[in-house]
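Okay, so here's the structure we're looking at.
Laboratory data are not the source of any read-out in this text; all were calculated from the coordinates shown. From a predicted model like this one, the values you see are computed outputs, not experimental measurements. Note that we place each Cβ from the backbone using ideal geometry, even for glycine, and neighbour counts take in every protein chain shown.
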Amino acid sequence: MSAAAHEPQARMHFAAFSGVPVLLGITVLLFALHIAVGAKPLPLGTVLEAIFARDATVFDHMIIWDLRLPRALIALAVGASLAVSGALMQGVTRNPLADPGILGLMAGASFAVVVTAFFFGTAPLVFLPWIAAAGALVAALVVYFIALWAPGGATPLTLTLSGAAITAFLSAIISIAHLLNEDSFENLRVWLSGSLAGRDIEMLYITGPWIAVGLLVAFSLARQVTALAMGDDVAKGLGVKTGWLKAQLLITVVVLTACAVALAGPMGFVGLVIPHVVRLFVGSDYRWIVPYSAILGAAYLLGVDIIARIAIAPREISTGIITAMVGAPVFIHLVRMRAR
Amino acid sequence: MSTSAGTASDHVVIRSRGERVALRLPVRALVAVGVLAVLLLAVIGVSLTVGSYGIELETVITTLTGTTVSDAIDNVVWQFRFPRTLAAALVGAMMALSGGALQNVTRNGLADPSLVGISQGAALAVVFAIVAAPGLDYSWRPIIAFSGALAVATLVQALSYQRRRGNNAIRFILLGIGVSAFISSITSALLTYGDIDRAISALSWLAGSINAASWTDVQILFVWCVVLSPLVLGLTRIMSVLRMGEDTAVGLGAPVKWVRYALICVGVGFAAAATAIVGPLGFVGLLAPHAARRIARSGVGLHTVLTALCGALLVALADLVGRAAFAPIQIPAGLITAIIGVPVFVYLLQRAAAKSHL
């Protein structure tokens, strides 16, 4: 291969690399802003001081460490996990409409958590992500097979329709469980609307390591996903064990989604929007799409959560409502442009 | 008027006014109409007896004929159960007819007012009215709902239309899903923004519950039914031509464009009025027309009647089950219909009903 052929690729790499520090900078800025903004606005100086020189006796530092920092970290983790799962799903299914929410994984995860709470009372926090993961896995498989058996196979259209159907079904059952046991579900109700308000930092300690593992696995598999996105035959020709790869990716997606749901409840359309935005800039190479999705997803959710907290202060909107408001038009646009 | 046995043994032919009016009706479908009507009456009867205050069926019938057995029974039957049951049946029929009309227009077996965002549009308009103008008279609700629903229907149609490829059935549904997600998020945001008490009253309504139906509701529903039903029945002749495909219909001289607009308006009107009173009821509009088609093959006219009966029966039954299954907790009928409706939706998806069924 000649050097000339390498050149555009090299330029692409440079462009892609140069985006990382910019995006990281924006994320850090949003992170600081997220902490500074709120019922009691704090100057950025105080935020930095609290983080780097913590003084447990200062009231503002207490606000930051006990309330705002956990929330910002959770937004970061949830945004990154959802965006990466969305990106992987879009690559594996070659479906521009794939998203953990649209394809029913979130409904499955929420359903599993609610059913467990209904029959066994509140389960210990440690198990919550795994219960959610089991639900997400089953829902993903059910949605996939319903679409597969439909005439024409698992096209973006049939997948989306069966995802919507499963979501409607599970939400109806969740609502019934909620009605039957109103008191103990008061906590779950806020959680089910996809909110970052008052989430438990404890859950971040539990899910954090798994999110980290999931993201690392996603980064390491990204190269093969690029091949897979070109078609199963192409991927096989390039020496990818497609079946094994798909299984690994499914588990990664399920774990990331389940951790995100356990942290913040079902938060729609993040996994749909972010990878598409990323693709506009870095093209179709998943080695770039996956890490960029992680950073941009984190930045996006931080930004959305800032809006959710200040838009109608002193009350706040559920973060999931805003992600749906932004995401649904993107979905509509994608249906009009891409889906046949 | 003379009735004569038809040429084929499975049809009844009714001729009237010197053969100027002649109806050829399949016996099976006629029987089905009768059976469904009886079943509907039975469900209504049962739901009048069941509840936290059990009443014998005979007592119910005596009360309904106007004899007062006791004030308490009179009150329970006339003020609570009877209007509620009637509202359930009426709403069911209306949602079913709405679904039927939409399926005909879009030539799409998966069309349902709650799936393509029409119910959500109605809901958003009503919630907006509740939050923004709480003093507004109750009877305005259906009209507000109608404008919201019509706006959404127009939006989805416009979005799904592409000049080169024309209307595509599945894209229509997908766009509807996107639009309804968007509208629901706005509704939720409004609920967060609005006053808590009003938001809570709107919330129970959003689950599709017939709990609080009163005679006023029944009156409103009835008026809308009386206005819209003749329109549907009047359009059935042209609808049967439309079934053969748009080109054929145009060739046969049907004003296809106007019929489309009229059917959309009627479908939206039915869904909006029903939604305004009891909130969005999912999947009834999807289920009823298919059930009617399964029960008996018939022309469009009888099919419409069957559809309305199926819908009425379905929602009356769903309300009864929701009321009795976990008493004293009431499950909104909308949740029950969703649980029944989704498996049917999946089944229809498998059968490629989505492609083109009509």
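Given Cβ point charges of +1 (Lys, Arg) and -1 (Asp, Glu) and nothing else, what value in debye, to the nearest 20, does the dipole of segment A:9-337 about its Cα centre take? Walk me through the numbers before you get to the answer.
Details: 17 positive and 15 negative charges, 175 e Å.
Using Cβ point charges on Lys, Arg, Asp and Glu, segment A:9-337 gives about 840 debye.
Once you reduce segment B:68-109 and segment A:208-238 to the center of their Cα atoms, the two points are 53 Å from each other.
Taking the inverse of the mean 1/r over every pair of distinct Cα atoms in segment B:80-350 gives a Kirkwood hydrodynamic radius of 18.4 Å.
Taking max minus min of the alpha-carbon positions on each principal axis, segment A:69-120 gives extents of 39, 30, 12 Å, largest first. Placing unit charges on the Cβ atoms of the charged side chains and taking the dipole of segment B:80-350 about its Cα centre, the candidate lying farthest along the positive direction among B:160, B:309, B:210 is B:160. Sorting the Cα pairs of segment B:216-260 by distance into bins of 5 Å, from 0 upward, gives 5, 22, 23, 14, 12, 9, 8, 5, 2, 0 percent per bin.
For segment A:217-282, divide the Cα radius of gyration by the Kirkwood radius and give the resulting Rg/Rh value with two decimals. Walk me through the numbers before you get to the answer.
Numbers: Rg = 13.8 Å, Rh = 13.4 Å.
Result: Rg/Rh = 1.03.
For segment B:209-337, the Cβ-based charge dipole about the Cα centre amounts to some 320 debye (Lys, Arg positive; Asp, Glu negative; other atoms uncharged).
Between the C-alpha center of segment B:250-319 and that of segment A:21-90 there is a gap of 52 Å.
Given a 10 angstrom Cα cut-off, can you work out which residue in B:104, B:75, B:211 is the most mobile in a GNM of chain B? Most flexible of the set in this elastic network: B:75.
Within segment B:294-316, find all residues whose amide N lies under 20 Å from a label point positioned 7 Å from the Cα of residue B:243 along Cα-to-beta-carbon. Correct set: B:294-311.
Hey, fewest Cβ within 10 Å first, where do A:252, B:68 land in order?
Taking fewest neighbouring Cβ atoms as first place, the list is B:68, A:252.
Of all the options A:326, A:22, A:114, the one that moves most in a Gaussian network model of chain A with Cα springs shorter than 10 angstrom is A:22.
Residues B:225, B:265, A:259, ranked from the fewest to the most other C-beta atoms within 10 Å, line up as B:265, B:225, A:259. Listed by Cβ neighbour count within 10 Å, with the fewest neighbours leading, A:276, B:303, A:333 appear as A:333, A:276, B:303. When chain B is treated as a GNM, springs tying every alpha-carbon pair under 10 Å, which of B:43, B:31, B:218 comes out with the largest mean-square fluctuation? Fluctuation is largest for B:31. Projected onto its three principal axes, the C-alpha set of segment A:9-337 covers 63, 58, 35 Å, listed from the longest axis down.
Simple spin-label estimate for residue A:223 and residue A:336 gives 4.1 nm between the two label positions (7 Å along the Cα-to-Cβ direction from each Cα). By the equivalent-ellipsoid construction on the alpha carbon gyration tensor, segment A:47-86 comes out with semi-axes of 28, 9, 5 Å, ordered largest to smallest. Working from label points 7 Å from Cα in the Cα-to-Cβ sense, the residue A:125 to residue B:57 distance is 5.7 nm. The value for the protein assembly as shown of Rg(Cα) / (2.2 N^0.38 Å) is 1.05.
Could you check how many percent of all C-alpha pairs in segment A:116-245 are farther apart than 21 Å? Numbers along the way, then the final one.
Working: 5070 of 8385 pairs.
Every Cα pair in segment A:116-245 considered, those over 21 Å come to 60 percent.
Projected label points at residue B:39 and residue B:11, each 7 Å from Cα along the beta carbon direction, are separated by 2.6 nanometres.
Once segment A:11-115 is represented by equal point scatterers at the alpha-carbon sites, with solvent omitted, what log10 I(q)/I(0) does the Debye formula produce at q = 0.10 Å⁻¹? Result of the Debye calculation: -0.48. Computed on segment A:234-340, the Cα convex hull volume stands at 126 Å³ per residue. Computed over every Cα-Cα pair of segment A:97-152 and binned at 5 Å starting from 0, the pair-distance distribution P(r) comes out as 4, 21, 24, 20, 14, 8, 5, 2, 1 percent. Sorted from greatest to least, the principal axis extents spanned by the alpha carbons of segment B:23-116 come out as 53, 34, 19 Å.
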